[in-house]
Every structure is written in C-alpha cells, then in structure tokens.
Amino acid sequence: MSSRIEQLIDELEEYIESCKPKFMSNSEIIVNKDEIDELLRELRMRTPEEIKRYQKIISNKEAILNDARSKAQALIDEATVHTNELISEHEIMQQAYSQANGIVATAAKQAQDILDKATIEANELRTQAARYTEDRLAELDSIVSSAIQSANSDYDRLIGSLGQYRDLIQSNLRALRPAEDLGLDHDDDKLDVL
C-alpha cells in the first residue's frame, strides 16, 4: 500500500507527462499553474500526516518495551514464588536459589534481547521514514525548480518578442502620420511589415 505522498508524487509526474510540449521544444512543457499549485498544496498538507503516521509506528516501540518489561516482571514474579515454595527445607533452599537465579538471569536476558530488538526496529523505522521524506522532498524541489526556470525563460522570451512588435508598431505609426505634422517630405515615409 503506497502512502498518499507517494500517490501525490505519482500524480504530479503523470500530470507533467500529460502536459503539452512547448512549440519547437522536446524538453520544455506548458503547465497549468493552478493545477500544479493544487498538487503541491495537497502534498504540503499531506507530508505532516505521513510523518505523524511514522511517529505512531515509532511510538509502538514503547508498547513493545512495556510488553517486554511486563513479561520480564512476570518471569521474575514466577521465580520469586517458586523460590519461596522451595525455602521450606535447607537442602532444597540451595537448589531454589540456584534455580531462581537462573530464571532471573534468563528472564533478564530475554527482556534485554526484546528491548534491544525493539530499539533497533524503532530506530530503523525512524531512519527509513526520515530518508523517505527527504527523498520525496528533494524530488519535489527538483520538479518545482525546473518549472520555475522554464517559466522564467518563457517570460523573458515573451517580453523580448513583445518589445520587438511594439517597436515595429511605433515605427509604422510614425510612417502613417502626415508628413507636415512631422515636418518631413512624403518620400521619407515607409511602412514596415510585421
């Protein structure tokens, strides 16, 4: 089962794949700013939810540790009861101490093993969650940076083209005004073609 963040990144990639290429370009596309903003907004909203989900997984570590402590205490209690029953006779008392110490040592070792394993698993989950989130954010940063760079380049070209058309229009306007308004001969007026 994939997370909602993974689904959003997949949707973002599908959206980018579905965008029309720019005229005369194989590497640049035309994007709808509102659609990409909506996908990014939802991704930002979902990221904290994903992190909370991973924190819940990590918090299960405490439940595992408490369970291990409970089992260890139960083993210790059982050993204590068993030891108290055996104390009635001197000869059996020595055996009871030996057995109780063995049970306590076994219980302590088992409890420590459970605690160690739970700690390792919780640390691995936390590391994986952080790495996953970092990787997804790095991918998103790359996509957004590319989109910004492409948009800036398109904007600069548009401004340049509009400036050239404006210069041409102004030149044609000057050519259409009567020569006496400008104090020129009629022979000097020529229209430029767009």
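Every number in this text was worked out from the coordinates using simple rules, so none of it is lab data. All values reported here derive from a predicted model rather than from experimental measurement. Because the Cβ atoms are built from the backbone with ideal geometry, glycine has one as well, and the counts that use them run over all protein chains shown.
Below are the figures for this structure:
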item: Part-to-part distance (alpha-carbon centres) for the stretch 33-87 and the stretch 97-115, which is given in Å; result: 24 Å
item: Computed E for residue 119/residue 14 - FRET, C-beta separation, R0 41 angstrom, nearest 0.05; result: 0.55
item: Rg/Rh for the stretch 1-104, where both radii come from Cα atoms and Rh is the Kirkwood radius; result: 1.59
item: Cα coordinate range in the stretch 4-188, projected on the principal axes (Å, largest first); result: 136, 28, 18
item: Lysine-lysine proximity count for the chain, Cα under 19 Å, sequence distance 8 or more or distinct chains; result: 10
item: Charge dipole magnitude, Cβ of K and R +1, D and E -1 - the chain, Cα centre, debye nearest 20; result: 640 debye
item: Choice from 124, 91, 38 with maximal GNM fluctuation in the chain (Cα, 10 Å cutoff); result: 91
item: Relative contact order (percent, whole number), the chain, Cα cutoff 8 Å, 6+ residue spacing; result: 18 percent
